[in-house]
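Asks: Take a look at the following structure, please.
Values in this text are rule-based calculations from the coordinates and carry no lab data. Computed from a prediction, not measured in an experiment: that's the story for all the values here. Reconstructed Cβ throughout: ideal geometry from the backbone, glycine too, with neighbour counts over all protein chains shown.
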Amino acid sequence: MELTKKSALRGEITVPGDKSISHRSIMFGSLAQGTTEITGFLNSADCQSTISCFRKMGIQIEETPQKVLVHGKGLHGLLAPSDILYAGNSGTTVRLISGILAPQPFSVVITGDASIQKRPMKRIIDPLSLMGADIKSQLDNGCAPLMVTGTPLHGISYSSKTASAQVKSSILLAGLYADGATSVTEPEISRNHSEIMLQAFGANISTADKTVTILPAEELYAQKVEVPGDISSAAYFIAAGLITPNSEILIRNVGINKTRDGILRVAKEMGGNISLLNERVACGEPVADILVRSSALHATTIEGEIIPTLIDELPVIAVMAAYAKGTTIIKDAAELHVKECDRIYAVTKNLQAMGACITATEDGFIIDGGVSLHGATIDTFLDHRIAMSFAVASLQAEGTTVIEDPSCVSISYPTFFHDLNALS
Ligand code: S3P
């Protein structure tokens, strides 16, 4: 995919549904009694991986362009799959489903692609084992394939070392089946979509400061779920609109949950002209239209509790920082090493190839922005967020930028290049 510099980006866009919320709607819908109706569902490779896992466990899921219907069979309705469960590239699928599999009355293997087989799973194996679960990394390397042998679980109080919604959600889902209360305390608050949606499905779940507690449930009940647009996908258009002169982009219907809105706070802090319009709440999730206009950006420091609220946006924030005046420091983000690829390495390598002054640190980056960038060949490491971030970087780079393996955007945003093109 070859991309060149743009003189303006103008128009309206509706980004696809939130990936985290879409996964959860299939999972909780499968475990509920009755038919869950999902609108705004993200039809992407990652969410299809979750659908495929539940179909293999006997759940009927109907997909139409307007909605997805999940014919749930209740908390105890899953069937033993005749095959291994395959999660593709999706960490959310492996980690959350492991929490659901641990208490089932059957055994199953769950795995995924080459990237998934390198991602750390000890972070869920450890707490689930404390609950009594029997989960083994088959290669004994702390990664998938995971062999899960279902067994009764007990409630625990767990202090997680990482702020991770995948770890928190995995434990809470196991907690639905435990013999007593289960609580998870995080060092910083991670995205809370599981808490919001589990409560709507009838679970007894409560949050106090950084601790979430769930009680064992008799049943969950089917719901209508409206999935808002994904702020992680909107982030590319926020950055694109800010760095491209003469631009004005209206991004409609974006989820702006406080546990996800770090990109908005940082973009404003960098001098970005961003307004929220038409703020509302849908299925417990705050939503707004976001109006972005070109802005002269300046550097900032990003660290501490804001990090989990923008963890997936850090690659594109690094691109914004390369176009901003001054030195931006990003720290406390060592988690970037263990995403779909090592995003500290991938961002540094590719921004350097475009002529930026960026230094990788153990837990982030130091970026001396405002140096003019030039086109380069971008190694995406097959990571959707690297591909989209560097498509944004190309918009103000001199010459041609070549994105290798651009089809990896299908993980979270299959129509990304089409949508970006439509604005120019
Ligand atoms: C997600 C949580 C985050 C995020 C991922 C989706 C989720 O991962 O990076 O893209 O849906 O719970 P961690 O839990 O590893 O931080």
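Asks: Could you give the angle, 0 to 90 degrees to the nearest 10, between helix 384-394's Cα long axis and the longest principal axis of the Cα atoms of the chain?
Replies: Helix 384-394 sits roughly 10 degrees off the main axis of the chain.
Asks: Apply the Karplus curve 6.51 cos²θ - 1.76 cosθ + 1.60, θ = phi - 60°, to the phi angles in region 107-120 and return the couplings in whole Hz, x for Gly and Pro.
Replies: Along region 107-120, the couplings run 10, 7, 10, 10, 8, x, 6, 4, 5, 4, 6, 10, 7, x Hz.
Asks: Suppose we keep just the alpha-carbon trace of region 212-316; what are its Rg and Dmax in angstrom?
Replies: That works out to 16.0, 56 Å for Rg and Dmax.
Asks: What is the gain in length, in nm to one decimal, between ASP134 and LYS325 on full extension, counting 0.36 nm per residue of separation less the C-alpha to C-alpha distance? Kindly include the intermediate steps, with their values, before the conclusion.
Replies: Working: separation 191, 0.36 × 191 = 68.76 nm, distance 5.21 nm.
Contour length minus Cα-Cα distance gives 63.5 nm.
Asks: Same structure, new question: Output needed for the chain: three equivalent-ellipsoid semi-axes, defined as square roots of 5 times the C-alpha gyration tensor eigenvalues, in descending order, whole Å. Could the numbers behind the result be given before it?
Replies: Working: eigenvalues 263, 96, 78 Å².
Each semi-axis is the square root of five times an eigenvalue, giving 36, 22, 20 Å.
Asks: In the structure shown, do any of LYS67/LYS168; LYS19/LYS122; LYS19/LYS224; LYS118/LYS258 have a Cα-Cα gap over 21 Å, and if so which?
Replies: Correct reply: LYS67/LYS168; LYS19/LYS122; LYS118/LYS258.
Asks: Here's a follow-up. Using a simple spin-label model with points 7 Å from Cα along the Cα→Cβ vector, what separation in nm is obtained for PHE106 and THR359?
Replies: So the label points at PHE106 and THR359 sit 5.5 nm apart.
Asks: Something else about it: May I ask you to compute the full-extension gain from ASP83 to HIS154, defined as 0.36 nm times their residue separation minus their alpha-carbon distance, rounded to one decimal in nm? Each step should come with its number before you reach the end.
Replies: Working: separation 71, 0.36 × 71 = 25.56 nm, distance 2.79 nm.
Difference between extended and current length: 22.8 nm.
Asks: Oh, and also: Need the list of lysines near LYS5 for cross-linking: C-alpha distance under 22 angstrom, and skip anything on the same chain fewer than eight residues off.
Replies: Output for LYS5: LYS325, LYS349.
Asks: Sticking with this structure for a sec: Bin width 10 Å, alpha-carbon pairs only: give the P(r) of region 11-92 as whole percents, running from 0 to the bin holding the largest distance.
Replies: 19, 51, 25, 4, 1
Asks: Going by how many other Cβ atoms sit within 10 Å of their own, how do TYR158, TYR413, TYR221 line up, fewest first?
Replies: Taking fewest neighbouring Cβ atoms as first place, the list is TYR221, TYR158, TYR413.
Asks: Taking θ = phi - 60°, what integer Hz values does the Karplus form 6.51 cos²θ - 1.76 cosθ + 1.60 yield along region 358-363, in sequence order, with x for Gly and Pro?
Replies: Residue by residue, region 358-363 yields 9, 10, 7, 10, 4, 10 Hz.
Asks: Any chance you could run the full-extension gain for LEU276 through THR35? It's 0.36 nm times the residue separation minus the Cα-Cα distance, nm to one decimal.
Replies: 83.4 nm
Asks: Next question, about the same structure. Over all alpha-carbon pairs of region 276-424, lay out the pair-distance distribution in 10 Å bins, whole %, shortest bin first.
Replies: For region 276-424, the binned pair fractions read 11, 38, 37, 13, 1 percent.
Asks: Once both labels are modelled 7 Å past Cα along the beta-carbon direction, what's the ASN43-LYS258 spacing in nm?
Replies: 3.6
Asks: Could you compute the FRET efficiency for GLU218 and THR185, with r as their C-beta to C-beta distance and R0 at 22 Å, rounded to 0.05?
Replies: So, using R0 = 22 Å, E works out to roughly 0.25.
Asks: In a shell of Cβ-Cβ distance under 15 Å around PRO152, excluding PRO152 itself, what net charge do Lys and Arg (+1) and Asp and Glu (-1) give? Don't skip to the answer; put the middle values down first.
Replies: Working: positive: none; negative: ASP134, ASP179.
Charge balance in the 15 Å sphere: -2.
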